[in-house]
Amino acid sequence: MSKPKVLAITIASAFIGLFFLFCLGWAIMDHYGKGTSDKEVTEETAIKKSDFPDDFTVVAIGDSLTRGTGDETGKGYVGLVIEDLKSEYNRKPIIHNLGINGQVSKELVQQVRQPEVKRQIQAADVILVTIGGNDLFQKGRTLLEYDREAITVSQKNFLGNLDEIFKDINKVNDTATILLLGLYNPFIDLDEDFDTNRIVRDWNNETAEVVALYENAIFVPTFDLFQLSVNEYLYSDKFHPNKKGYRLIADRVAPLIKWEDVER
């Protein structure tokens, strides 16, 4: 083979070798370059996830127990439940406390139909409800002026109103969990014949039957919490819970609330 041909073949082989090395280098850079890019995207996504605003909303409606009357800290069971959720999930829910002191079920029917209240209910994940104590006890008159027939009428009206409340809530939001607190008896120690015990138990049983009609609703009993040591857990007015009483209620309510899809 002549020298010019050998030289030409050598030069061509060198170019082919250099081209191969270039392609190999490009492939390696491309492979590891993509790995770095994917990592950066993953880290960026994780940061954005952690920065998502809280979107778990609790709406509390009802009477003075919803407001927390009797708790000198002002938290009541609603505030304590929110604290428990924050501690459990390391994130604080959005809370709208719409409770009204002295409210009865007929008034709550009207409240849940107000446009702004409906808007807040629509955004709720959990709805906490205390209602019925004022319907039944009527500021103590039920005990002082015991009238079984009058109580039966009050109970019938209450159950009808409660059904309306649940219907109206579900028209706006049928995915939120509704937790309705049952009644305790603040007058146990004043009632020698335990008539009020029987009345409250029957009231709670009938209330639970209405709640059971709705798949997204839970009846939360409180009667037993106060039954044996009622005065230890009542405020000075001997009607509302004190801080310890609200703590008992919160301890029962909070575990029933599950904050879905939250990383712990």
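A count restricted to the range 65-96 and to residues that are open to solvent by 10 Å² or more (accessible area, probe 1.4 Å) and hydroxyl-bearing (Ser, Thr, Tyr) stands at 4.
Out of Val262, Val210, which single residue is modelled with pLDDT under 95, more than 30 Å from Glu72 (Cβ to Cβ) and among the β-branched types (Val, Ile, Thr)? So that I can check it myself, show each step before the final result.
On the way: Val210 fails: modelled with pLDDT under 95.
Among Val262, Val210, only Val262 is modelled with pLDDT under 95, more than 30 Å from Glu72 (Cβ to Cβ) and among the β-branched types (Val, Ile, Thr).
Checked against the criterion of being in a helix (DSSP H, G or I), at pLDDT below 95, more than 21 Å from Val220 (Cα to Cα) and not charged (D, E, K, R), the range 107-127 has no qualifying residue. Every condition in (1) of a type in the set (Ser, Thr, Tyr); (2) open to solvent by 50 Å² or more (accessible area, probe 1.4 Å); (3) in contact (Cβ under 8 Å) with a residue 12 or more places away in the chain is met by Thr152 except one, and the failing one is (3). Residues of the range 213-236 that are at pLDDT 95 or above, surrounded by fewer than 19 Cβ atoms within 10 Å (Cβ to Cβ), not polar (S, T, N, Q) and not in a helix (DSSP H, G or I): Leu213, Tyr214, Glu215, Ile218, Phe219, Val220, Pro221, Tyr235. Kindly check whether there is at least one residue in the range 131-142 that is touching a residue at least 12 places away in the same chain (Cβ under 8 Å), surrounded by fewer than 17 Cβ atoms within 10 Å (Cβ to Cβ) and outside any loop (DSSP other than H, G, I, E, B). Yes, the range 131-142 contains a residue that is touching a residue at least 12 places away in the same chain (Cβ under 8 Å), surrounded by fewer than 17 Cβ atoms within 10 Å (Cβ to Cβ) and outside any loop (DSSP other than H, G, I, E, B). Residues that are open to solvent by 50 Å² or more (accessible area, probe 1.4 Å) and either under 21 Å from the mean Cα position of the chain (by Cα) or within 30 Å of His96 (Cβ to Cβ) (or both): does the range 185-205 have at least one? No: zero hits.
Test Asp55 against the stated conditions and say whether it is at pLDDT below 50 and open to solvent by 50 Å² or more (accessible area, probe 1.4 Å). Write out each step before concluding.
Working: at pLDDT below 50: no; open to solvent by 50 Å² or more (accessible area, probe 1.4 Å): yes.
When the stated conditions are applied, Asp55 does not pass them.
Regarding Asn170, is this residue part of a helix (DSSP H, G or I), of a type outside the set (A, V, I, L, M, F, W, C), under 18 Å from the mean Cα position of the chain (by Cα) and under 23 Å from Arg119 (Cα atoms)? In short, yes.
The values are calculated or read from the model by the stated rules, or taken from the named source; none is laboratory data. Predicted, not measured: the structure shown is a model, and the values here were computed from it. In this analysis, Cβ positions are derived from the backbone assuming ideal geometry, glycine residues included, and neighbour counts consider all displayed protein chains. These accessible areas exclude ligands, DNA and RNA; they are computed on the full protein's heavy atoms, side chains included. Shrake-Rupley method; radii C 1.70, N 1.55, O 1.52, S 1.80 Å.
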